[in-house]
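Some notes on the structure that comes next.
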Amino acid sequence: MAPFLSKRDLNFQLFEVLSSADLPARTRFAGQSRADYEDILGLAYTVAERHFLPHAREADLNEPHVENGKVRLVPGAQQAVNAFREAGFLSAHHDEELGGLQLPWVIVQAVMAHFQAANIATSGYPFLTIGNANLQREFASAEQQQKYMLPLLEGRWFGTMALSEPQAGSGLADITTSATPLEDGTYSIRGSKMWISGGEHELSENIVHLVLARVKGAPAGVKGISLFIVPRYRVQADGNVGEPNNVVLAGLNHKMGYRGTSNTLLNFGEGGDSIGELVGEAGRGLAYMFHMMNEARIGVGMGAVMLGYAGYMASVEYARERRQGRPAADRNPESQAIPIIGHADVRRLLLRQKAFVEGGLALGLYASSLVDDLTTGPEDRRTDTSLLLDLLTPIVKSWPSKYSQEALSDAIQVLGGAGYTRDYPVEQLYRDNRLNPIHEGTEGIQGNDLLGRKLTQASGRALDVLLGQIQTEVAASEGLEGVAEIRAALTIALAQNGKAIHAILGKAADLGPDLFLANANSALEMLGHTVIGWMWLRQANAAARALGHAKPTDANFYRGKLQAARFFAVYELPKVKAHADLLAAADRTTFDMQEDWF
């Protein structure tokens, strides 16, 4: 069985590129150490390998199904989430007084990476539960946290986010689920929610749904949306689970990937009141929900990276073992066939995967480190940190989702005919990841968010912060051996970005909002590739500094980093220009296409 991630690369990203070993110098993380972090990562690998990986294929072949009115999963899923809970990972980043370890968020995301690579479907249950608890910690009342959040942190209950509806997928302004006030201050929730991952199962005693709904008389659009806690089972005064809360499973959705995660259509208020509690203020539900959605967007990007990473690891192992063909210079048909990794085009496919997944991992962990900086970093930098994280979030979500799919396509290509059989994991990984470009907002939504909001907020300050960070890294690379190509290519890409963004923003008033956003995807591609180029320069700089005094066992690792950075510079960063040109010109091709012409 191929390894599903590289421990060596994860340590490199955390401790040589991000300097996460310095985090214990911050008050919140005092007393922790790099050795502690490595032990926790080692535990994550063990739990993922022993409890998540073994049933990944079984869960794919045996989807959740309804049996005697209950949603049943493969037995391995229960064993896995139990092991996850017992390891303390559900509450690892929370305060010690809540039973947590106060771990940095970047370490928690590195922990989660193990489970996403080993079994993305089963990892979805704790992933959603952690996000649900985080939102409650931020916005729910103390009473609600005691009642609903603590059981989530203990792993006795699991959580979901219930946003979309059958008639309103990503268009949340059009949701119709209603919330009627009751005399005791609670609300009767009525409506249907679609595509709810983890919406029904028997993995936990209760399921806590975070539901978007409208209070009667609320204005139309997003300003009329409120957020409610709606449990599957009502909670008694002593905190124990009580009677059903009339949250009824209407059906299971059957997907091409993530097949081990139950995905549901839920009817709230069927057969009686579904009792919900308002979170915070009425009308601010979407603002609250974006706390979980933005966290989930980074998580989706990380999940995509790790699916691509698992495919990369599997295809490297296969390429080293599979013998086929001979060097072009060898015309002797009786000579022994060579491992296919000896063929330049196979190395191209492997190098492309490496560039995509290790670049994406660097970005996901960097974004996670910004979350730590928001609360524990220097106070005078937190405003800029927040702007930078906001700007990067649509890229963190969309770029790995798309380019891990490219990497997985290459992994299948490396395996040839074996690649699309179920005897090898890459075909399942490909199907699993195909959901990620849609999860938590399509590429179109992310592009519109980037160009229409993030690049213009705070008078463009976010972009200034990003460009400043990249330019600082470019300056730091001067004189380092082996980084010339990535440094030069990134410098060119930076200039192309600046010119294109300045041009399109300067035309915004004349273009109108629809034409202005017509090429938002090009903005996403252009800036996304540039940011990944930056991530590769950061890795190349760290590798170049380490190579001069590296142990022989590490030297090849660092040379591989430099070669992957060179690959991204030569093969990928030149693509920035095409997108920059389309964006700067406000190209009308897609905008002018008429419905009747299709």
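The values are calculated or read from the model by the stated rules, or taken from the named source; none is laboratory data. Because the structure is predicted, anything quoted here is derived from the model rather than measured. Here the Cβ positions follow ideal geometry from the backbone for every residue, glycine too, while neighbour counts run over all protein chains shown. Calculation scope for accessible area: heavy atoms of the full protein, side chains included, ligands and nucleic acids excluded. Shrake-Rupley method; radii C 1.70, N 1.55, O 1.52, S 1.80 Å.
A quick yes/no check of all residues on (1) aromatic (Phe, Trp, Tyr); (2) touching a helix residue (DSSP H, G or I) at 6+ places or on another chain (Cβ under 6 Å); (3) open to solvent by less than 10 Å² (accessible area, probe 1.4 Å); (4) assigned to a loop (DSSP other than H, G, I, E, B):
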position	(1), (2), (3), (4)
Glu243	no, no, no, no
Lys255	no, no, no, yes
Thr264	no, no, yes, no
Ser315	no, yes, yes, no
Arg326	no, no, no, yes
Check on Leu480, in contact (Cβ under 8 Å) with a residue 40 or more places away in the chain, open to solvent by less than 10 Å² (accessible area, probe 1.4 Å) and of a type outside the set (Phe, Trp, Tyr): no
Can you find even one residue in region 380-396 that is of a type in the set (Lys, Arg), open to solvent by less than 20 Å² (accessible area, probe 1.4 Å) and modelled with pLDDT of 95 or more? no
Could you list, in sequence order, all residues of region 527-551 that are surrounded by fewer than 20 Cβ atoms within 10 Å (Cβ to Cβ) and not in a loop (DSSP other than H, G, I, E, B)? Ala544, Arg545, Ala546, Leu547
Any residue that is assigned to a loop (DSSP other than H, G, I, E, B), open to solvent by 40 Å² or more (accessible area, probe 1.4 Å) and either farther than 30 Å from His439 by Cα or basic (Lys, Arg) (or both) - is there at least one of those in region 275-291? yes
Restrict the check to region 359-376 and report whether at least one residue is within 17 Å of Phe568 (Cβ to Cβ), over 16 Å from the mean Cα position of the chain (by Cα), at pLDDT 95 or above and open to solvent by 20 Å² or more (accessible area, probe 1.4 Å). no
If you check every pair at least six apart or on different chains, which have Cβ atoms under 9 Å apart with a residue in region 81-99 that is over 14 Å from Gly159 (Cβ atoms) first and a residue that is assigned to a helix (DSSP H, G or I) and among the acidic types (Asp, Glu) second? Gly99/Glu154
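Being over 23 Å from Gly308 (Cα atoms) and in a loop (DSSP other than H, G, I, E, B) is true for just one of Gly452, Gly498, Gly482, Gly460. Which residue is that? Even if it seems obvious, please write down each step before you answer.
Details: Gly452 fails: in a loop (DSSP other than H, G, I, E, B); Gly498 fails: in a loop (DSSP other than H, G, I, E, B); Gly460 fails: in a loop (DSSP other than H, G, I, E, B).
Of the residues listed, the single one that is over 23 Å from Gly308 (Cα atoms) and in a loop (DSSP other than H, G, I, E, B) is Gly482.
A quick yes/no check of all residues on (1) at positive phi; (2) open to solvent by 20 Å² or more (accessible area, probe 1.4 Å):
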| residue | (1), (2) |
| --- | --- |
| Ser398 | no, no |
| Gly416 | yes, yes |
| Val426 | no, no |
| Arg431 | no, yes |
| Ile445 | no, yes |
Of all residues in region 449-477 being among the small types (Gly, Ala, Ser) and without any contact (Cβ under 8 Å) to a residue 60 or more places away in the chain, the one that is surrounded by the most Cβ atoms within 10 Å (Cβ to Cβ): Gly460
If you check every pair at least six apart or on different chains, which have Cβ atoms under 8 Å apart with a residue in region 243-261 that is within 12 Å of Asp60 (Cβ to Cβ) first and a residue that is among the polar types (S, T, N, Q) and in a loop (DSSP other than H, G, I, E, B) second? Gly260/Asn119
Among the residues that make up region 504-514, is at least one of them open to solvent by less than 20 Å² (accessible area, probe 1.4 Å) and within 26 Å of the chain's Cα centre (by Cα)? no
Mind checking which residues of region 26-67 are open to solvent by less than 40 Å² (accessible area, probe 1.4 Å), closer than 24 Å to Phe12 by Cα and outside any loop (DSSP other than H, G, I, E, B)? Phe29, Tyr37, Ile40, Leu41, Gly42, Ala44, Tyr45, Val47, Ala48, Leu53
Of those in region 207-240 that are aliphatic (A, V, I, L, M) and open to solvent by 50 Å² or more (accessible area, probe 1.4 Å), the residue nearest to Gln78 (Cα to Cα) is Ala237
Give all pairs with beta carbons closer than 6 Å in which a residue from region 505-520 that is closer than 17 Å to Asp581 by Cα meets a residue that is among the aromatic types (Phe, Trp, Tyr); count only pairs at least 6 apart in sequence or on separate chains. Ala508/Phe516; Leu515/Phe591; Ala518/Phe591
